[in-house]
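S.K.: Sharing a structure here in structure tokens format.
The values are calculated or read from the model by the stated rules, or taken from the named source; none is laboratory data. Just so you know, these numbers come straight off a predicted model, no measurement behind them. Glycine gets a Cβ as well: all are built from the backbone with ideal geometry, and neighbour counts include every protein chain shown. Side chains are part of the model used for accessible areas, which takes the heavy atoms of the whole protein and leaves out ligands, DNA and RNA. Shrake-Rupley method; radii C 1.70, N 1.55, O 1.52, S 1.80 Å.
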Amino acid sequence: MISAIVFLPLLGAIGAGIASLMKNDTLGYVFSLTGVLLSAMLGWVVFITMAIPGIDQTVFLASWINVGSFQVDWALRFDTLTAVMVIVVTTVSAMVHVYSVGYMSHDKSKPRFMAYLGLFTFAMLMLVTADNLVQLFFGWEGVGVASYLLIGFWYQRPSAHQAAMKAFVVNRVGDFGFALGIFALFHLTGSVQLDVIFQSVPDLVNSQITILGYAMPALEVAGILLFIGAMGKSAQLGLHTWLPDAMEGPTPVSALIHAATMVTAGVFLVCRLSPMLEYAPFTRDVITVVGALTAIFAATIGLTQFDIKRVIAYSTCSQLGYMFFAAGVSAYPAAMFHLTTHAFFKALLFLGAGSVIHAMSDEQDMRNMGGIWHKIPFTYAMMWIGSLALAGIPFFAGYYSKDMILEAAYAAHTPIGNFAWVMGIAAAFLTAFYSWRLLMMTFHGKPRASAEVMSHIHESPLVMTIPLFILAIGAVLSGWMFYELFVGHHWYDFWRQSIFIDPANNIMDDAHHVPKWVKLLPLFISLAGIGLAIIIYGMMPSVAGGIARLFRPIHQLFYRKWYFDEIYDAVFVRPAVEIGRVLWIRGDKDTIDGFGPDGISNTVNRFSAFCSRMQSGYVFHYAFAMLIGVIALLAWYIRSL
């Protein structure tokens, strides 16, 4: 059953790929939907029958690498952490697959798209079930390749293939750090097997590793390198620039990649490595600071964007920051809890946005929307549910998980934890504000679309609305349903050995006993953000433009995404292009080709031209040449006597 969960999406992807070659859309749907739906159902069966009762299992598949003392096997590790990720990945993926049947109905390459979705799901499942770091890296890179294919699916658009390339390159930066982290751990422990590494960690606390002549704490170095990999996949501050451009892919791709799968891989990695990170306090502080800064940074950008998908994308980036700073203060169960609830309501928001775009004839700019709530009432209701969950309003899913993270950060009682808590509270206000800004601009006010577009607005078909309804159930129920199980007073009975927190650290218990005002503050902050957005964008929409003009420098800073793209372009891209141009012209063309094939061929041409000039056609020229030859031969003969 465990193997079937992982490989059924792959089989579905292969079947859909064959159907694509056969130009058979129906067969592609049948293969892909069957594979992922069966995988999702089996995932829930395993979660209920194995994870909740506390049964862990490792399924050996095959021997992979066996070189000297270095041995790597294919094995599927199923513990509680894996089981939670499996239900999240397969459930959201299944809903995205079903939704895609309707959303992509007019596309010419539907089976190919379904095949890419299945391949992505398989790679993600291989990542979360990995028993060793090399297998995890295989899934990690597989997710990167599949995301490249999905983001650039509409490759005819220059913006799409540029976005796909950008995502691929930026993630390679993080993956390079991840690979170095794996090398470091193998150097320290002699193994890439997770259990062996975790058993060796306590003995490595005082170990050092020498880099460029400097001795550094070994575990801290390995932890930072691995976290760099997580930063790339989860779009944390510094390696986040690929995320908004990835919106160039079809909307189902946005939901799959940015809700529950690829971007959460980094959070999963950090939680999986908790037995190591608990002995690397500096690394955890770095994770906390980066996560907290990402939460507030992405939220400020979300305030000013007009593309409906980009607003939700920056919201994802911000929420991932919450998950990371929760893990940074050792509240790994809280990070996983928010990962789970976030998957449902963020997938709901992305697919809801897709339903809006579908209704608006592919329009994504919120400035060209408005006044459509009565034309698509079901989608409108679903977007409200997703927004209420995102803002953390009782009794929706985000209320339980996001508040738990904030309470854990406060309960850490450290300067770093306090910093994360303050940033998290500020981000909560901004999250509520831009969520209702989106609702007001998209659904309320006067219609800003053309009369032709307004006349064609209609509710999405059932194949698109049913997944929205199922995800809405998760956005409403997953918080209180999983609260006691994931982060309650007996959290350890559920997570067991899959998550490790230093026994001296009572962060999860302390989080339940913070002052009452700490528990209530996020709610009041969110309500204030909602109220302000309704006033500005619902009651006095003309005020928004005046505020933007009054605070133009700040608005431009946020709207231009803190100029990260411009800075990276000036510091990295243009110098790299110039260096490449110089190497191409001076190095390749002038030097390698000049002295190599081009130089040799030019020399031969010149020599041939010289020789051809000697063929004048006059007999006396040839007689003269023969005479010179005879004289030369006689001279050589006489000299040799």
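S.K.: Looking at 95, 85, 50, which is the one that is at pLDDT below 90 and assigned to a helix (DSSP H, G or I)?
M.R.: 50
S.K.: Is there any pair with a first residue in the range 522-546 that is more than 11 Å from residue 391 (Cβ to Cβ) and open to solvent by less than 30 Å² (accessible area, probe 1.4 Å) and a second that is β-branched (Val, Ile, Thr) and part of a helix (DSSP H, G or I) whose Cβ atoms are under 9 Å apart and which are 6 or more apart or on different chains, and what are they?
M.R.: Close Cβ pairs satisfying both conditions: 536/543; 536/547; 544/536.
S.K.: Which ones in the range 349-403 are of a type in the set (D, E, K, R), over 30 Å from residue 514 (Cβ atoms) and in a helix (DSSP H, G or I)?
M.R.: Our first condition is that a residue be of a type in the set (D, E, K, R); within the range 349-403, this holds for 362-363, 365, 367, 375, 402-403.
The next check asks that each one be over 30 Å from residue 514 (Cβ atoms); those that pass are 362-363, 365, 367, 375.
Correct list: 367 only.
S.K.: Something else now. Looking at the range 354-381, which of its residues are closer than 30 Å to residue 335 by Cα and over 24 Å from the mean Cα position of the chain (by Cα)?
M.R.: Residues of the range 354-381 closer than 30 Å to residue 335 by Cα: 354-355, 379-381.
Scanning the range 354-381 gives 379, 380, 381.
S.K.: Which one is surrounded by the fewest Cβ atoms within 10 Å (Cβ to Cβ) among residues in the range 312-334 that are touching a Lys or Arg at 6+ places or on another chain (Cβ under 8 Å) and under 14 Å from residue 347 (Cα atoms)?
M.R.: That would be 316.
S.K.: For the range 227-247, enumerate the residues that are touching a Phe, Trp or Tyr at 6+ places or on another chain (Cβ under 6 Å), open to solvent by less than 30 Å² (accessible area, probe 1.4 Å) and under 18 Å from residue 284 (Cα atoms).
M.R.: Of everything in the range 227-247, just one residue is touching a Phe, Trp or Tyr at 6+ places or on another chain (Cβ under 6 Å), open to solvent by less than 30 Å² (accessible area, probe 1.4 Å) and under 18 Å from residue 284 (Cα atoms), namely 229.
S.K.: Just give me the residues in the range 265-286 being open to solvent by 10 Å² or more (accessible area, probe 1.4 Å), in a helix (DSSP H, G or I) and closer than 15 Å to residue 500 by Cβ, in sequence order.
M.R.: 275, 281, 284
S.K.: Got a sec? Which of 507, 536, 466 is under 31 Å from the mean Cα position of the chain (by Cα) and over 23 Å from residue 404 (Cα atoms)? Don't jump to the end; show me each part of the working.
M.R.: Working: 507 fails: over 23 Å from residue 404 (Cα atoms); 536 fails: under 31 Å from the mean Cα position of the chain (by Cα).
Result: 466 is the single residue among 507, 536, 466 that is under 31 Å from the mean Cα position of the chain (by Cα) and over 23 Å from residue 404 (Cα atoms).
S.K.: So, one more: Residues in the range 297-311 that are open to solvent by 10 Å² or more (accessible area, probe 1.4 Å) and of a type in the set (A, V, I, L, M, F, W, C): how many?
M.R.: So the count comes out to 3.
S.K.: Which one of these is open to solvent by less than 10 Å² (accessible area, probe 1.4 Å), over 16 Å from the mean Cα position of the chain (by Cα), over 16 Å from residue 235 (Cβ atoms) and of a type in the set (S, T, N, Q): 162, 135? Steps first, please.
M.R.: Values: 162 fails: open to solvent by less than 10 Å² (accessible area, probe 1.4 Å).
Of the residues listed, the single one that is open to solvent by less than 10 Å² (accessible area, probe 1.4 Å), over 16 Å from the mean Cα position of the chain (by Cα), over 16 Å from residue 235 (Cβ atoms) and of a type in the set (S, T, N, Q) is 135.
S.K.: Which residue out of 441, 454 is under 26 Å from residue 307 (Cβ atoms), at pLDDT below 95 and buried (at least 23 other Cβ atoms within 10 Å of the Cβ)? Give the steps one after another, and end with the answer.
M.R.: Working: 454 fails: buried (at least 23 other Cβ atoms within 10 Å of the Cβ).
Checking each option against the conditions leaves just 441.
S.K.: For residue 175, state whether it is touching a strand residue (DSSP E or B) at 6+ places or on another chain (Cβ under 9 Å), at pLDDT 90 or above, open to solvent by less than 60 Å² (accessible area, probe 1.4 Å) and charged (D, E, K, R).
M.R.: Numbers: touching a strand residue (DSSP E or B) at 6+ places or on another chain (Cβ under 9 Å): no; at pLDDT 90 or above: yes; open to solvent by less than 60 Å² (accessible area, probe 1.4 Å): yes; charged (D, E, K, R): yes.
No; evaluated as a whole, the condition is false for this residue.
S.K.: Pairs, please: C-beta under 7 Å, at least 6 apart or cross-chain, first residue closer than 15 Å to residue 175 by Cβ and in the range 129-153, second of a type in the set (S, T, N, Q)?
M.R.: Between residues of the range 129-153 that are closer than 15 Å to residue 175 by Cβ and residues that are of a type in the set (S, T, N, Q), the close pairs are 144/171.
S.K.: List the pairs whose first member sits in the range 14-41 and is closer than 20 Å to residue 86 by Cα and in contact (Cβ under 8 Å) with a residue 40 or more places away in the chain, whose second member is part of a helix (DSSP H, G or I) and open to solvent by 80 Å² or more (accessible area, probe 1.4 Å), and whose Cβ atoms are under 7 Å apart, counting only residues at least 6 apart or on separate chains?
M.R.: Listed by first residue and then by second, the contacts come to 35/11.
S.K.: Of these, 558, 572, 551, which one is within 30 Å of residue 306 (Cβ to Cβ) and in contact with a Leu (Cβ under 9 Å, 6 or more places away or on another chain)?
M.R.: On the way: 572 fails: in contact with a Leu (Cβ under 9 Å, 6 or more places away or on another chain); 551 fails: in contact with a Leu (Cβ under 9 Å, 6 or more places away or on another chain).
Of the residues listed, the single one that is within 30 Å of residue 306 (Cβ to Cβ) and in contact with a Leu (Cβ under 9 Å, 6 or more places away or on another chain) is 558.
S.K.: Okay, moving on. Taking the range 583-617 as the region of interest, how many residues are among the hydrophobic types (A, V, I, L, M, F, W, C) and either in contact with a Lys or Arg (Cβ under 6 Å, 6 or more places away or on another chain) or surrounded by 10 or more Cβ atoms within 10 Å (Cβ to Cβ) (or both)? Before the answer, list the steps.
M.R.: The first filter runs over the range 583-617 and keeps only residues among the hydrophobic types (A, V, I, L, M, F, W, C), leaving 583-585, 592, 595, 600, 604, 607, 609-611, 614.
Among the residues that remain, those that are also either in contact with a Lys or Arg (Cβ under 6 Å, 6 or more places away or on another chain) or surrounded by 10 or more Cβ atoms within 10 Å (Cβ to Cβ) (or both) are: 583-585, 592, 595, 600, 604, 607.
Summing the residues that are among the hydrophobic types (A, V, I, L, M, F, W, C) and either in contact with a Lys or Arg (Cβ under 6 Å, 6 or more places away or on another chain) or surrounded by 10 or more Cβ atoms within 10 Å (Cβ to Cβ) (or both) in the range 583-617 gives 8.
S.K.: Can you tell me which of 565, 569 is open to solvent by less than 50 Å² (accessible area, probe 1.4 Å), assigned to a helix (DSSP H, G or I) and within 20 Å of residue 237 (Cβ to Cβ)?
M.R.: Details: 569 fails: open to solvent by less than 50 Å² (accessible area, probe 1.4 Å).
Checking each option against the conditions leaves just 565.
S.K.: Now for a different question. Inspect the range 148-163 for any residue being modelled with pLDDT of 90 or more and closer than 18 Å to residue 270 by Cα and give the result as yes or no.
M.R.: For the range 148-163, residues modelled with pLDDT of 90 or more and closer than 18 Å to residue 270 by Cα: absent.
S.K.: Run down 513, 490 and say which single residue is loosely packed, with under 14 Cβ neighbours inside 10 Å, farther than 30 Å from residue 93 by Cβ and touching a residue at least 12 places away in the same chain (Cβ under 8 Å).
M.R.: Details: 490 fails: touching a residue at least 12 places away in the same chain (Cβ under 8 Å).
Only one candidate qualifies: 513.
S.K.: I've got another one for you. Residues in the range 352-402 that are open to solvent by 10 Å² or more (accessible area, probe 1.4 Å), closer than 27 Å to residue 523 by Cβ and either basic (Lys, Arg) or touching a Lys or Arg at 6+ places or on another chain (Cβ under 6 Å) (or both): how many?
M.R.: Qualifying residue count for the region: 0.
S.K.: Are there any pairs, at least 6 apart or on different chains, whose C-beta atoms fall under 8 Å, with the first in the range 568-586 and within 22 Å of residue 166 (Cα to Cα) and the second surrounded by 12 or more Cβ atoms within 10 Å (Cβ to Cβ), and if so, which?
M.R.: Taking only residues 6 or more apart or on different chains, the pairs are 568/241.
S.K.: For the structure I just gave you, tell me whether residue 434 is closer than 30 Å to residue 270 by Cα, open to solvent by 70 Å² or more (accessible area, probe 1.4 Å) and either among the hydroxyl-bearing types (Ser, Thr, Tyr) or not in a helix (DSSP H, G or I) (or both).
M.R.: Values: closer than 30 Å to residue 270 by Cα: yes; open to solvent by 70 Å² or more (accessible area, probe 1.4 Å): no; either among the hydroxyl-bearing types (Ser, Thr, Tyr) or not in a helix (DSSP H, G or I) (or both): yes.
So residue 434 does not fit the description; no.
S.K.: Could you tell me whether residue 186 is in contact with a helix residue (DSSP H, G or I) (Cβ under 9 Å, 6 or more places away or on another chain), part of a helix (DSSP H, G or I), open to solvent by 10 Å² or more (accessible area, probe 1.4 Å) and over 18 Å from residue 129 (Cα atoms)?
M.R.: Numbers: in contact with a helix residue (DSSP H, G or I) (Cβ under 9 Å, 6 or more places away or on another chain): yes; part of a helix (DSSP H, G or I): yes; open to solvent by 10 Å² or more (accessible area, probe 1.4 Å): yes; over 18 Å from residue 129 (Cα atoms): yes.
Yes: the conditions hold for residue 186.
S.K.: Could you list all residues from the range 592-608 that are of a type in the set (Asp, Glu) and either more than 24 Å from residue 582 (Cβ to Cβ) or touching a Phe, Trp or Tyr at 6+ places or on another chain (Cβ under 7 Å) (or both)?
M.R.: none
S.K.: I've got another one for you. Looking for something within 15 Å of the chain's Cα centre (by Cα) and touching a residue at least 24 places away in the same chain (Cβ under 8 Å) - is there at least one such residue anywhere in the range 96-112? Break it down into steps so the answer makes sense when it comes.
M.R.: So in the range 96-112, the residues within 15 Å of the chain's Cα centre (by Cα) come out as none.
So far as the range 96-112 goes, no, none of its residues is within 15 Å of the chain's Cα centre (by Cα) and touching a residue at least 24 places away in the same chain (Cβ under 8 Å).
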